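Step one of this worksheet: look at the structure below.
The values are calculated or read from the model by the stated rules, or taken from the named source; none is laboratory data. All values reported here derive from a predicted model rather than from experimental measurement. Here the Cβ is made from the backbone with ideal geometry for all residues, glycine too, and neighbour counts use every protein chain on show.
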Amino acid sequence: MTSASSLARAGQQRAKRTAIRVASVGVLMFGFAFALVPLYDMVCNAIGLNGKTNTDAYSYDSARTSVDKTRLIRVEFLTINNDYMPWKFYADKSSVRVHPGELKTATFHVHNPTDRVMVGQAVPNVAPSQTARYFHKTECFCFEQQRLAPGESLEMPLRFLVDTELPAGIRTISLSYTLFDASDYASPEASGLENQVGLGQTVPTQEVIGRGQ
């Protein structure tokens, strides 16, 4: 018969193994948080995961695309800050209506309220996920990292169109951006910019903040 002390030792060993596994998972999750943006880009570019929008839109010929005026698609904008990103981040409008094939511009804003230089990276996502192939960006702040000095604000354009081949049953597309702190792995381009960042244009802080959400 197994003694009580043997059972106790076995229980302690199982508890120790469980604690080690939990700690290991915690370390991996912590490291993954820093690698999330580049990993997300790499995986999504490879397999089109989770509604990541097209990033080859520079070559999309919008001038030759006809506009379908018989349909109106509602495009909703959602801005999200990662837990470690303190910037103010919002869109001028929560949604717009657009005809398929019509080139549309939306404006987003960021503001760095901290006392240090920071670099941000916006990661896009589209829902429903099957609409990602029909959502074309010709200009987007998410193509570049954004560098802001302490107290600096930035106005960032998004130019897009919805493909005329969008399935007839879809009337609403939700475009969300999650903003991450990319300061620790900023690109050389983002690290070297002082007054102008990415595709955006700097604007006075009070002008941006005064517009509200």
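Each row is one residue, and each column tells you yes or no for (1) in a strand (DSSP E or B); (2) more than 16 Å from Thr178 (Cα to Cα); (3) not assigned by TED's automatic domain parsing to the domain that holds Arg171.
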| position | (1), (2), (3) |
| --- | --- |
| Arg97 | yes, yes, no |
| Thr105 | yes, yes, no |
| Val110 | yes, no, no |
| Asp115 | no, yes, no |
| Val119 | yes, no, no |
| Pro124 | yes, no, no |
| Gln130 | no, yes, no |
| Arg133 | no, yes, no |
| Gly151 | no, yes, no |
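Each residue in the stretch 135-149 was checked for being part of a loop (DSSP other than H, G, I, E, B), under 16 Å from the mean Cα position of the chain (by Cα) and surrounded by fewer than 22 Cβ atoms within 10 Å (Cβ to Cβ), and 1 pass.
Scanning the stretch 167-178 turns up at least one residue that is modelled with pLDDT of 95 or more and farther than 21 Å from Arg97 by Cβ.
Taken over the stretch 119-134, residues that are hydrophobic (A, V, I, L, M, F, W, C) and crowded, with 21+ Cβ neighbours inside 10 Å amount to 4. Taking each residue of the stretch 89-113 that is touching a residue at least 24 places away in the same chain (Cβ under 8 Å) and looking for partners that are among the hydrophobic types (A, V, I, L, M, F, W, C) and part of a loop (DSSP other than H, G, I, E, B) with beta-carbon atoms closer than 6 Å, six or more apart or interchain, yields Arg97/Leu72; His99/Val67; Pro100/Leu166; Gly101/Val67; Glu102/Val67; Val110/Trp87; Asn112/Trp87.
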